[in-house]
Structures are given as C-alpha cells and as structure tokens.
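The values are calculated or read from the model by the stated rules, or taken from the named source; none is laboratory data. Keep in mind that this is a model prediction, so the values were computed, not measured. Note that we place each Cβ from the backbone using ideal geometry, even for glycine, and neighbour counts take in every protein chain shown.
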Amino acid sequence: MKTELKGYLEEKRGFVDGELARLLPRRGAYPPELHEALHYAVFSGGKRLRAILVLATAEAIAGRLPDGSSEAACAIECVHNYSLVHDDLPCMDADELRRGRPTVWKKYGEATAVLVGDALLTVAFQILALGATREVELSDRLLLCCQELAAAAGSFGMVGGQAVDVAHEGKEIDPTMLNYIHRLKTGALIRCACRMGAVLARADNALLVAASRYGEHLGLAFQIADDLLNVTGDEARLGKSVGSDEKRGKNTFPKIHGLAKSREMAAQHMEEAHAEANRLPEPEALVALARFVIERDH
Ligand code: GRG
C-alpha cells in the first residue's frame, strides 16, 4: 500500500472511530453487558471501508466534508457491524474468529450477539434521524440517506442477498446468480456508502450515477478480493480462518470462475470503478481506494 493512502486511511479511520465513540451509547450505559458487547463488536479494528467511502465520495464531489457526513459514515458502519455480528452466529456461519478475536456470540453468548446486532441496526437510523431533527437545513439530505440505507440493508439489499446465499449453500449456481447474490449481499452497502456521500455533497444526477456505478464496481471487486483472500490469504493477517468458504460449500468467485479468472475480474471491476471515479471533480482518493480494495491482504 502506498504511504500516502496508508496515511489517508489512518486519518479517516481515526476520525470515524472518534465520531462513533461520540454517537454510540457509552460503554458503561445500562444494561452494561449489552453495551460492553456492542463496543466489543464495533471497536475491534475494522477497516471502516464503508464509512470512509461516504467521506471520500462526498469530498470527491464537494471538495470538502459536507454536514451530515459523520452521521452517514457512522450509520453505515453500524449496519455493517450488525451484519458481521449476525453473520457469525451459529445459525449462519458459526464463525468463532473475527478481526483476530473471538466473535461476539463466542464471547458473550448468542442472545447477546443477536441483541447487539439489533441495537446496532436500530441506532444507525437513530443517528441519521437525530441529525435530521437537529438541523432542519440538513433534514432533506439525511432523510434521503435513511431511505438509501434502508433500501441497501433490507430484503431487496444485503439481507435479501444473504437469504439467497444461504438458500444456495452447497448447491451449484451459475455466474448470473453468483453476481446477483454478491451485488446485494456485499455490494448494496458499498454502493449505498457512495450514494450517501453523493447525496450529502448535493450531487446532480450525472454525479450521483457515477458515484453509484463506482460503488457497484467497487462492491464486486471487494467481494472477489474477499473470496480470493479466503483461498490464498494469511490467517494471522486476516484475523479469521482461511479455507472456510470451501469447507462450507459456499458459492464464491474462485469456485465458479477459478483463481486466475477471478483475479482478472477483480482487476476489470477496479478499472471500471476508476473510470466512474474519474467523472467526479476530485477523484484521487476514490481511485486509490479501488486499488486498495483488490490489493489488500486483510
Ligand atoms: C444480515 C446476517 C446478515 C448478513 C448480511 C454482509 C453480510 C451479509 C455478511 C457479512 C459476512 C461476510 C464475510 C461477507 C463478505 C464480505 C464482507 C462484508 C466482509 C467483511 O467486510 P470488511 O472486510 O470488514 O470490510 P471489516 O472487519 O474491515 O469491517
């Protein structure tokens, strides 16, 4: 990773973590076990990619961070973290390791993990709604963000993709179905991050479409890279088990297309993402982020 991008990611991650600490319930708040587990889930070394995409897209269009950026960045990070906590549960992937530590259900029990996910999903929308009610001038854009996030997270978005993925585990699927699943399961939130950034930056339709397409390509590139890391990655660096997709009969890009073709596809999506980013006034960070997504080792 280039030093410049490393510095950029560290700065943004620091900013997002600070804003999450400000906007989420305090760690010691009652009920203490729930809030301790919620903090354990959120403050555990995630890349904050979706939050950073909100900020980077807004800056690529407006040239600065527009009002509402913190709320949108934190809200999407809450939804993402809820999805990870629920996805690790025994009734889903039964994963015991996430970000190099025991998963939330493993450390606090299943009931607490379900409730942490529920609380994170709920607080995401509360953060957006609170921002909208505090600043009337901002309310139209934050309301649009609520709609974007609800659509991306719900049954026609991430949850829908997860449902179709679960239904096809261990079964043969074709490339069209594979794309459908991942466009929704992983892609919907990533696209949504870019769209919320564009909405907050008051993008016109052409810029919103470019940001949206950038997010779509980035989402697929991200998922392909994630699948490849599950085959060829380093467990210590990843903080989760390698080879688990194959053991579970998961439908992944390497399984359907092979390693070489999957790498080619990830690079192709990165190129397309670059082309869309270059339609925006200040694309540099988004261009670097797209490269990072396919070259990352965790
Ligand atoms: C609603 C239960 C439920 C699931 C939704 C997103 C999802 C479906 C499940 C997450 C599990 C998973 C491993 C999906 C593949 C890609 C992905 C989202 C990886 C994790 O994202 P990163 O690498 O995570 O951005 P960090 O730890 O950096 O935040």
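Checking each residue in the range 31-44 for being within 16 Å of the ligand (Cβ to nearest atom) and either in a loop (DSSP other than H, G, I, E, B) or in contact (Cβ under 8 Å) with a residue 60 or more places away in the chain (or both) picks out Leu38, Tyr40, Ala41, Val42, Phe43, Ser44.
Number of residues in the range 45-70 that are more than 8 Å from the ligand (Cβ to nearest atom) and either closer than 15 Å to Gly14 by Cα or not in a helix (DSSP H, G or I) (or both): the value is 14.
Among the residues here, Thr122 qualifies as within 16 Å of the ligand (Cβ to nearest atom) and in a helix (DSSP H, G or I). Residues of the range 80-137 that are under 19 Å from Leu23 (Cβ atoms), surrounded by fewer than 16 Cβ atoms within 10 Å (Cβ to Cβ) and among the β-branched types (Val, Ile, Thr): Thr122, Thr133. Might you check whether a residue that is surrounded by 14 or more Cβ atoms within 10 Å (Cβ to Cβ), of a type in the set (Lys, Arg), in contact with a helix residue (DSSP H, G or I) (Cβ under 8 Å, 6 or more places away or on another chain) and touching a residue at least 40 places away in the same chain (Cβ under 8 Å) occurs anywhere in the range 229-247? No, that holds for no residue. Residues that are surrounded by fewer than 21 Cβ atoms within 10 Å (Cβ to Cβ), in contact with a strand residue (DSSP E or B) (Cβ under 9 Å, 6 or more places away or on another chain) and at positive phi occur in the range 45-68; there is at least one. Could you list all residues from the range 202-212 that are out of contact with any Leu (no Cβ under 8 Å at 6 or more places or on another chain) and under 19 Å from Gln147 (Cβ atoms)? Answer for the range 202-212, where residues must be out of contact with any Leu (no Cβ under 8 Å at 6 or more places or on another chain) and under 19 Å from Gln147 (Cβ atoms): Arg202, Ala203, Asp204, Asn205, Leu208, Val209, Ser212. All conditions in (1) more than 16 Å from the ligand (Cβ to nearest atom); (2) under 28 Å from Arg98 (Cα atoms) hold for Pro254, with the sole exception of (1).
Please work out if Gly100 is modelled with pLDDT under 95, within 30 Å of Arg248 (Cβ to Cβ) and in contact with a Lys or Arg (Cβ under 7 Å, 6 or more places away or on another chain). So Gly100 does not fit the description; no. The residues listed here are Ala275, Ala267; of these, the one that is closer than 23 Å to Cys192 by Cβ, touching a helix residue (DSSP H, G or I) at 6+ places or on another chain (Cβ under 9 Å) and in a helix (DSSP H, G or I) is Ala275. Listed conditions (1) within 14 Å of the ligand (Cβ to nearest atom); (2) assigned to a helix (DSSP H, G or I); (3) farther than 22 Å from Ala163 by Cα are all met by Ser83, apart from (3). Among the residues of the range 201-223, the ones that are among the hydrophobic types (A, V, I, L, M, F, W, C), assigned to a helix (DSSP H, G or I) and away from the ligand (no atom under 16 Å from the Cβ) come to 6 in all.
Scan the range 91-104 for residues that are within 12 Å of the ligand (Cβ to nearest atom) and either more than 20 Å from Arg237 (Cβ to Cβ) or of a type outside the set (Gly, Ala, Ser) (or both) and the total you get is 9.
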